[in-house]
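A quick write-up on the structure given underneath.
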Amino acid sequence: SDRDRHIIAFGCDPENNIGTQDPLLIRFSDQESLTEWNSLPTNTAGDLRLGSGSAIVNAIETRQQILVFTDTSLHTMQYLGPPFTFGINLVSENTTIAGPLAAIPVEDNVFWMGAQEFYVYGGTVQRLPCTVRDYVFSDINEDQLEKVTAGSNTAFSEVWWFYPSASSTENDRYVVYNYEQQVWYYGTLERSFWMDRGIFDQPIAAGPNNYLYTQETGFDDDGAAFTAYIESSQFDIEDGTQFSFVRRLIPDLTFRNSSAADPTALFTLKARNFPGGDYLQTDNSSVTKTASVPVEQYTNDANIRLRGRSLAIRVSSDGLGVGWRLGSPRIEIRPDGRR
């Protein structure tokens, strides 16, 4: 505990029963001491025991307090001074945490992944509304939840969670929450550890293959082209009761720091008529369900023809030395009848 100079240990042997671990017991040393743990009238060493949960899973120090997670509850631990030294308060019950690395402090908040939810604490516990919740928790290896790893990428206002899919025993997927824009996105990436930039210029991450990676730099360091894409969810007009007709795309894309002479990304617009339908061609050969447009550095707009009840947009690239940043692309769209 930095401010009051105590060492705190979680899940300890009781002072009067050394050798028998109590997974809910917290002990703290004497102030400014590495070795004095016996509680005496002349020092500030002592212990506290949590009253809910079956085991302490994680503890995170924030600016004002220490958050202590059990498998079913969240407590706050604060320095009170003599004679009690520390106090403990129950903040929330029926709150889960996936594993000991599943929580991350960001500014004045702490974000974490639970067994079936995402949470944030900024004075009170709140469930984060998650638009990709079903995608994540319907395909996750629950036997390997303790491997879930949280990380922050503050340069882009992001919190990441790496987790193992149902068919994997190691972390092979990620889900990201952008707390500035309050949006979610997901993908595939094998990472077992993440440290935000600070000491280093860029975030550092580790993979199950025992390599360390410098994130957010380079495109094809291993000599192979880096394949990248981002795709939106479906969107529609009039709640899907109207068909939409798209005839023009205005891209918003920069190729900053690309090393390729002519960097190019591919914009693909897809349409379908029914929520469970495929992206197929219509009977009219001049109007297809998929339209792809290559976008270069100085592409102003692109004329396309696309019709359907719902649409999705995808941006991708697979060339050597190609890197891009996506802004706010716009499409010219109008209602096109109900049939």
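Give the residue from 186, 159, 275 lying farthest towards the positive end of the charge dipole for the stretch 153-275; charges sit on Cβ (+1 for Lys and Arg, -1 for Asp and Glu) and the dipole is referred to the Cα centre.
Checking the options against the dipole of the stretch 153-275, the answer is 275.
Please report, in whole Å³, the volume per residue of the convex hull around the C-alpha atoms of the stretch 1-118.
So the per-residue hull volume is 107 Å³.
Using R₀ = 56 Å, calculate the FRET efficiency as 1/(1 + (r/R₀)^6) where r is the Cβ-Cβ separation of residue 154 and residue 16; round to 0.05. List each step's numbers first, then the result.
Details: r = 45 Å, r/R0 = 0.80.
E between residue 154 and residue 16, to the nearest 0.05, is 0.80.
Can you give the Rg/Rh ratio of the stretch 62-164, where Rg is from the C-alpha atoms and Rh is the Kirkwood radius?
1.00
Compute and list, largest first, the equivalent-ellipsoid semi-axes of the stretch 155-225 from the alpha carbon gyration tensor, each √(5λ) rounded to a whole angstrom.
19, 18, 12
What is the gain in length, in nm to one decimal, between residue 71 and residue 252 on full extension, counting 0.36 nm per residue of separation less the C-alpha to C-alpha distance?
Between residue 71 and residue 252, full extension yields 60.7 nm more.
How many nm separate the modelled label positions at residue 78 and residue 298, each set 7 Å beyond the Cα in the direction of the Cβ?
Once both label points are built, they end up 6.2 nm from each other.
Out of 140, 232, 38, whose Cα points farthest toward the positive end of the dipole of the chain (charges: +1 Lys, Arg; -1 Asp, Glu; placed on Cβ)?
Final value for the positive-end residue is 232.
Whole-Hz ³J(HN,Hα) for each residue in the stretch 145-154, computed from phi via Karplus 6.51 cos²θ - 1.76 cosθ + 1.60 with θ = phi - 60°, x for glycine and proline: what do you get?
4, 5, 8, 4, 10, 9, x, 10, 10, 5
In terms of solvent-accessible area of protein heavy atoms at a 1.4 angstrom probe, what is the ranking of 254, 96, highest value first?
Ranked list, largest accessible area first: 254, 96.
Convert each backbone phi in the stretch 219-235 into a coupling constant with the Karplus relation 6.51 cos²θ - 1.76 cosθ + 1.60 (shift: θ = phi - 60°), then list the ³J(HN,Hα) values in order as whole Hz, x for Gly and Pro.
10, 8, 5, 8, x, 9, 4, 8, 8, 9, 7, 9, 9, 7, 6, 6, 9
Please state, rounded to one decimal and in Å, the Kirkwood hydrodynamic radius that the chain gives when every pair of distinct Cα atoms enters the mean of 1/r.
Final number for the Kirkwood radius of the chain is 23.5 Å.
Between residue 5 and residue 189, what FRET efficiency comes out of the Förster formula 1/(1 + (r/R0)^6) with R0 = 56 Å and r the beta carbon distance, rounded to 0.05?
Values: r = 39 Å, r/R0 = 0.70.
The formula returns an efficiency of 0.90 here.
The values are calculated or read from the model by the stated rules, or taken from the named source; none is laboratory data. This structure is a prediction, so every number in the text was calculated from the model and none was measured. Neighbour counts run over all protein chains shown; Cβ positions are idealised from the backbone, glycine included. Only protein heavy atoms, including side chains, enter the accessible area calculation; ligands, DNA and RNA are left aside. Shrake-Rupley method; radii C 1.70, N 1.55, O 1.52, S 1.80 Å.
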